[in-house]
Amino acid sequence: MAKPIETVSVPSAKGAFINASVWENEVDQDGQKYKTYSVSIEKRYQKDGTWNTASAFNANELLVVAYIANKTYELALQLRSQQYAVEN
């Protein structure tokens, strides 16, 4: 299974974290190979001693989601800039 190239994790509440993982994908289009980046965001929390995952967020967590989305967007831009700098 593929692994993310970077994961950002921020605590959102006691025993809960919001994580964003950046994934690298290689695309071959018209004989040209290049990389694209996608991001997955999830909440991890403990309930009764067991870690659970959720993709829904309550209103209080939305600013954390926005913060993490901004951080991973900056990372994707940086990676894309490095890719184009090497090609040119």
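Values for this structure:
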quantity: Residue within segment 4-23 that is open to solvent by 50 Å² or more (accessible area, probe 1.4 Å) and either in a helix (DSSP H, G or I) or β-branched (Val, Ile, Thr) (or both) present; calculated: yes
quantity: Of residues in segment 38-60 being more than 18 Å from VAL8 (Cα to Cα) and assigned to a strand (DSSP E or B), the one least open to solvent (accessible area, probe 1.4 Å); calculated: THR50
quantity: Residue under evaluation THR72, criteria (1) closer than 23 Å to ALA2 by Cβ; (2) loosely packed, with under 10 Cβ neighbours inside 10 Å; (3) among the β-branched types (Val, Ile, Thr), criterion not met; calculated: (2)
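The values are calculated or read from the model by the stated rules, or taken from the named source; none is laboratory data. Since the model is a prediction, treat every value here as computed from it, not as a measurement. Neighbour counts are summed over all protein chains in view; Cβ atoms, including those assigned to glycine, are modelled from backbone coordinates with ideal geometry. Protein only, heavy atoms only, side chains kept; ligands, DNA and RNA dropped before computing areas. Shrake-Rupley method; radii C 1.70, N 1.55, O 1.52, S 1.80 Å.
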